[in-house]
Amino acid sequence: MRWRERPVWIRCTAVVYVAGFLEGTAAHGFFLVKGGLDAYSYAPMLVQLLFHALLLLDPLVALLIIRARPGGPLLAAAVVLADVVGNWSVAWKAVMTHPTSFLRPVGLLPITLFGIFVLLTALPLRRALTPVGDINACGSSPPRAG
């Protein structure tokens with residue numbers, strides 16, 4: 001099914017996913033160019049590795065969504081959950097010290113809001129991208145003949 005034939009909510013949701021994950025790609029690319037491999041030296045090693053991996057995972061998610069693959073929203077949910085947890089783990093102490101400083105349109109707030117959006121819409125979007133004849137892809141089994 002072509003994108004223009006899909007309901008508006010699916011197209012709008014997909015546009016938000018693609019824009020968000022491509023923005024993440026650009027941000028992580030910028031940090032890598034600006035700071036090199038030490039761009040995230042303020043974070044624990046596992047979080048640093050995650051943030052560098054997002055440079056590959058974010059565009060992969062965007063590509064899967066553009067190609068309307070049912071696995072795209074599930075990968076998106078896993079990637080954004082890891083990203084949000086990584087960001088909050090690094091920022092937790094600072095947020096507790098100065099909570100209002102994080103109420104701005106860059107950084108932790110938009111990452112968190114985007115993460116909530118993706119987590120709330122991933123399963124409905126996956127169902128919407130699953131071909132109608134592919135019942136098993138949604139976790140259901142076909143009815144048995146009597």
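Between residue 103 and residue 37, the contour length at 0.36 nm per residue exceeds the Cα-Cα span by 20.9 nm. Counting 0.36 nm for each residue step from residue 4 to residue 53 and taking away their Cα separation leaves a gain of 14.4 nm. With the convex hull drawn around the C-alpha atoms of the chain, the volume per residue stands at 138 Å³.
Put 69, 2 in order of accessible area, highest first, and with a 1.4 Å probe you get 2, 69.
Counting only protein heavy atoms and a probe of 1.4 Å, the accessible surface of the chain is 70% carbon and sulfur.
Once the Cα atoms are used to define both axes, helix 45-66 deviates from the longest principal axis of the chain by about 30 degrees.
Averaging the sequence gap over all C-alpha pairs within less than 8 Å and six or more residues apart, then dividing by the number of residues, gives the chain a relative contact order of 25 percent. Given a 1.4 Å probe and the protein chains as shown, residue 52 ends up with an accessible area of around 50 Å². With a 1.4 Å probe rolled over the protein heavy atoms of all chains, the accessible area of 11, 126, 104 falls in the order 104, 11, 126, largest first. Extending 7 Å from the Cα toward the beta-carbon at both residue 92 and residue 123 defines two label points whose distance is 2.7 nm. Near residue 50, once Lys and Arg are set to +1 and Asp and Glu to -1 for all other residues with Cβ below 14 Å from its Cβ, the sum equals -2. About the centre of its Cα atoms, the chain shows a dipole size close to 460 debye [charges on the beta carbon of Lys, Arg (+1) and Asp, Glu (-1) only; nearest 20 debye]. Only helices enter this figure: runs of n ≥ 4 DSSP H residues, each worth -39500 (n - 2.57), summed and divided by the residues of the chain, yield -24000 deg cm²/dmol at 222 nm to the nearest 500. Computed on protein heavy atoms with a 1.4 Å probe, the accessible areas place 116, 65 in the order 116, 65, largest first.
The values are calculated or read from the model by the stated rules, or taken from the named source; none is laboratory data. Quick caveat: nothing in here was measured; it's all calculated off a predicted structure. Positions of Cβ are generated from backbone atoms using ideal geometry, with glycine treated the same way; all protein chains shown enter the neighbour counts. The area values use the complete protein model at the heavy-atom level, side chains included, leaving out ligands, DNA and RNA. Shrake-Rupley method; radii C 1.70, N 1.55, O 1.52, S 1.80 Å.
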